[in-house]
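Chemist: Have a look at the structure that comes next, please.
Bear in mind these aren't lab numbers, they're just calculated from the coordinates by the rules spelled out. Bear in mind the structure is a predicted one, so any value in this text is a computation, not a measurement. Glycine gets a Cβ as well: all are built from the backbone with ideal geometry, and neighbour counts include every protein chain shown.
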């Protein structure tokens, strides 16, 4: 399995605010997936996964079902079925309770379909009035 992680810096959202993340991204390889993981979920997932791989020994891999279980509170954004590569425009409502997030790209079928190309074109955070906050 191959994995790439893009972590946000720490931030604080006012409890009265509602923030939308506008994400433009694309996948080009069947079996590749993109998730958003709030707070420390991705770090916990990565530590668990590495520990599991170490106990299984070299040459072992984690089954797709196990990978999905390990993603816990992460939400799928794109994949795994890719008919044709195209830019997807996603709007994600951010919970005021989160302090950071990670975008996690996973491709566990690289031996079958080759390396995945996952492109993140832009990430913008807006309030509900459409005003950019960063």
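Chemist: R0 = 30 Å: FRET efficiency of residue 11 with residue 89, Cβ-based, nearest 0.05? Provide the component values of the computation, followed by the final result.
Modeler: On the way: r = 22 Å, r/R0 = 0.75.
Efficiency, from the Cβ-Cβ distance: 0.85.
Chemist: Also: What is the fewest-to-most order of 104, 5 by other Cβ atoms lying within 10 Å of their Cβ?
Modeler: Values: 104 22, 5 15.
Ascending number of Cβ neighbours within 10 Å: 5, 104.
Chemist: For residue 30 and residue 2, calculate 0.36 nm times their separation in residues minus their Cα-Cα distance, and state this gained length in nm to one decimal.
Modeler: Numbers: separation 28, 0.36 × 28 = 10.08 nm, distance 1.36 nm.
Contour length minus Cα-Cα distance gives 8.7 nm.
Chemist: Compute the whole-percent fraction of alpha carbon pairs in segment 71-113 spaced more than 15 Å apart. Walk me through the numbers on the way to the answer.
Modeler: Numbers: 532 of 903 pairs.
Pairs farther apart than 15 Å: 59 percent.
Chemist: Between residue 39 and residue 119, what FRET efficiency comes out of the Förster formula 1/(1 + (r/R0)^6) with R0 = 35 Å and r the beta carbon distance, rounded to 0.05? Walk me through the intermediate numbers first.
Modeler: Numbers: r = 25 Å, r/R0 = 0.72.
Once the sixth-power term is evaluated, E becomes 0.85.
Chemist: Determine the gain in length on full extension of the stretch residue 18-residue 73; use 0.36 nm per residue of separation and subtract their C-alpha separation, reporting nm with one decimal. Numbers along the way, then the final one.
Modeler: Working: separation 55, 0.36 × 55 = 19.80 nm, distance 2.00 nm.
Answer, rounded to one decimal: 17.8 nm.
Chemist: Within 10 Å of each residue's Cβ, count the other Cβ atoms and sort 8, 17 from fewest upward.
Modeler: On the way: 8 17, 17 12.
The order, fewest Cβ neighbours first, is 17, 8.
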